[in-house]
Amino acid sequence: MQVAFLLYPRFTALDWIGPNEVLNLLPDTDCVTVAEEAGPVPNESGNIEIVAKKTLDEVTSPDIVVIPGGLGNRLLIEHEPLHEWIRTVHETSQWTTSVCTGSLLLAAAGLLDGKKATTHWLARDVLASLGAESVPERIVEEGRIVTAAGVSAGIDMALLLVQKIWGDEAAQAVQLGIEYDPQPPFDSGSPEKAPQNVIEVARAAAIAQAEEVAQAPG
C-alpha cells in the first residue's frame, strides 16, 4: 500500500510527521513524500526541511493521499497544476485525506463542494468560502475523504485509517506502539473549550506568524 504525503513550501511539519509515524509502522506500507519538485521542502518556520523523494508525475495512483496544512498553501489556492494532481489521484485512491489547513487544497481542487469538512479553527471561514460545509469537528468523514482539524488531529485521523483498513486491534497496537496517550495540562485545545483571552492570544500569534511567513523570501 502506497501512502503519498504531499509537501509544499511552508507546510506544517507535525501535519506530516504525526500521520507518517502512524502509517509507517504498518507492514507492506510505502510512505512516500511527493512535491512538484523532488528535494528539500522547508516547513513554515523555515527551520526544518523534509526531502520530497518523488515528483507529482512519479506518484499517480497512491492508495492513501495525505495533504498537510501550512501557511504556504495560501499561495496554492489557485495553483491549478497541483489541483489537477489532487483530483487525479483521488479518482483511484482508497482514501484522500487532509490535516489542518490541508483541507483548503482539497476544497480548492473541488473535492469538497457541498461536503462537510474540518480544518484549523482559524481557517474555518476560508474553508467555507471555498465551497465546503465547514464544521467544528476533530475528524470528518465524507465517503473516501477524511479531513482532520488542526495539527495534532492528524494522528487521530491516521489511527482512524488504520482501524478502517486493518481493524481495531491493529489501530490499538499502533496507538500503543507510539504511546499516544494525550494528557495535556489544560483543556484548551479547541476554541469551543479555551477561555476567550487565550483564543485572542493564539489568534494574535497566528497572525504574526502568517505575516512573518508572507515577508520571508522564497
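Counting only lysines at least 8 places from K115 when in the same chain, those with an alpha carbon closer than 27 Å to its own are K164, K193. Legend: calculated FRET efficiency, E84 to N197, from the Cβ-Cβ distance at R0 = 35 Å, rounded to 0.05, equals 0.20. How would H83, H120 line up from fewest to most surrounding beta-carbon atoms within 10 angstrom? Listed from fewest to most nearby Cβ atoms, that is H83, H120.
Using a cutoff of 8 angstrom between alpha carbon atoms and counting only pairs six or more residues apart, the relative contact order for the stretch 34-153 works out to 21 percent. Shape of the stretch 89-218 from the C-alpha gyration tensor: oblate (a/c of 1.5 or more and a/b not above b/c, with a ≥ b ≥ c the square roots of its eigenvalues). Entry note: the stretch 2-183 has Rg to Rh equal to 0.93, where both radii use alpha-carbon atoms and Rh is the Kirkwood radius. Electrostatic tally near V99: other residues with Cβ closer than 13 Å to its Cβ, Lys and Arg +1, Asp and Glu -1, net -2.
Computed from the coordinates by the stated procedures, all read-outs in this text should not be read as laboratory data. Please read all numbers here as calculations on a predicted model, not as lab measurements. Every residue, glycine as well, gets a Cβ built from its backbone with ideal geometry; the counts of neighbours run over all protein chains shown.
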